[in-house]
Amino acid sequence: MRNRQRDARHPVVLGTMVFLSYSAVSQLAFGPTGSTVVRDMTFWSQRAFSTLVLCSALACIASAVIRREPLGAKTERAGMFGCAVALMFYSLNLPASAPSWNTTLAVGYGGTALGCAVRAGLVWRMMIRDRQ
């Protein structure tokens, strides 16, 4: 996994994960302020969503530091997959919660979810290739 750790340190990846972890911590600490989609969820769904986003984002940040392979790759794959699931859930529930925001946030979060899923797939391919 020659370039996995370098790619995991990309400023866009780290910036996105720091933003997601900040959002998740603020939702866990202060409640679902500002997010129409999260406010429409039940209490336990809000907590589960925020916890999944926080754990996934922290796993992606930690994978940039972990030098031991395949532990770093497994951590990154799990974090990216968790972020993809959480963001896709958010973007699919957005049209029902806020129809006027449908075109902007749904595309943005859906695109970020797709990017996380692609990155998880690339890391998985690297793991399979390097195992042989």
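Summary table below
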{"quantity": "Hits in segment 114-132 - residues which are of a type in the set (Gly, Ala, Ser) and modelled with pLDDT under 90", "calculated": "none"}
{"quantity": "Enumeration of residues in segment 56-84 that are part of a helix (DSSP H, G or I) and either surrounded by fewer than 17 Cβ atoms within 10 Å (Cβ to Cβ) or of a type in the set (D, E, K, R) (or both)", "calculated": "ALA62, LEU71, LYS74, GLU76, ARG77"}
{"quantity": "Selection count where residues are at pLDDT 85 or above and over 13 Å from the mean Cα position of the chain (by Cα), scope segment 73-113", "calculated": "2"}
{"quantity": "Criterion violated by VAL38 - all others in (1) over 30 Å from SER97 (Cβ atoms); (2) at pLDDT below 85 satisfied", "calculated": "(1)"}
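The values are calculated or read from the model by the stated rules, or taken from the named source; none is laboratory data. Remember, it's a predicted structure, so these values are computed and weren't measured experimentally. Note: ideal-geometry Cβ built from the backbone for every residue, glycine included; neighbour counts use all protein chains shown.
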